[in-house]
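Heads up: the structure comes next, in structure tokens.
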Amino acid sequence: MVLSLLSYEHCAVYNRSVCGVFLNQSLWEYRWKPRYIDSNVGLNQTETTISIFMKFLDKVKDLECKKIIQTLLCQYTLSPCNDKGKEMPFCREDCEELFLQCEKPMIEIMGAAKVILSQLSASKRPIGFPNCTRLKYRHEYPKNDKEKCLHFGIFGKRFFFFWTLCYIGNG
């Protein structure tokens, strides 16, 4: 597949296979928007690193947490870009909810992340999962600020997957 580059320095339409299905499971309104690609790492290294994390996630026994973590790994690592070509931030409350709902698998993958990332070339921006303490809560943004944080679109309701609907006769 080809990566279609736009005029943004670090943003491009993502149409590769590693995260393709996961980017279409939440934040549907952003699925065709350009995604932030860290130029210090590049798309190929980003994809390689995500693939390594995905292989580790195959060991997670809690299937709902596994799908949530896979989706959030892709959404966070390949964040949507705004109209100014900047990476859109995610909300702290969703990050914290991830660690509450999937605590054990997240502890395991954070431990694995240290090993995985230590074996790869250094980057200014981490690939993988956010440090929740560095994110802002939605209410911390000014009310007139158009660039508020994004909710992952998963928490606060049961997480159904796109392909599940097809199996029950709705797709």
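If you plug the beta carbon distance of residue 62 and residue 147 into 1/(1 + (r/R0)^6) with R0 = 45 Å, you get a FRET efficiency near 0.85.
Out of the total accessible area of the range 50-90 (probe 1.4 Å, heavy atoms of protein only), what percent is carbon and sulfur? Don't jump to the answer; show the numbers that get you there.
On the way: 930 of 1740 Å².
Its accessible area is 54 percent carbon and sulfur atoms.
Computed about its Cα centre, the charge dipole of the range 1-94 is approximately 200 debye, with only Lys, Arg, Asp and Glu carrying charge at their Cβ. Evaluated over the range 21-103, the count of Lys pairs having alpha-carbon atoms less than 29 Å apart is 10 (only pairs 8 or more residues apart or interchain).
Annotation for the range 4-64: chymotrypsin sites (Phe, Trp or Tyr not before Pro) lying in DSSP loop with at most 13 further Cβ atoms inside 10 Å of their Cβ are 32. Stretching the chain fully between residue 13 and residue 110 yields a gain of 32.1 nm (0.36 nm per residue, less the alpha carbon separation).
The values are calculated or read from the model by the stated rules, or taken from the named source; none is laboratory data. Every value quoted in this text rests on a predicted model; they were computed, and no experiment measured them. Using ideal geometry, Cβ is built from the backbone for each residue, glycine included, and neighbour counts are taken over all protein chains shown. We work out accessible area using only protein heavy atoms, side chains counted, and drop any ligands, DNA or RNA first. Shrake-Rupley method; radii C 1.70, N 1.55, O 1.52, S 1.80 Å.
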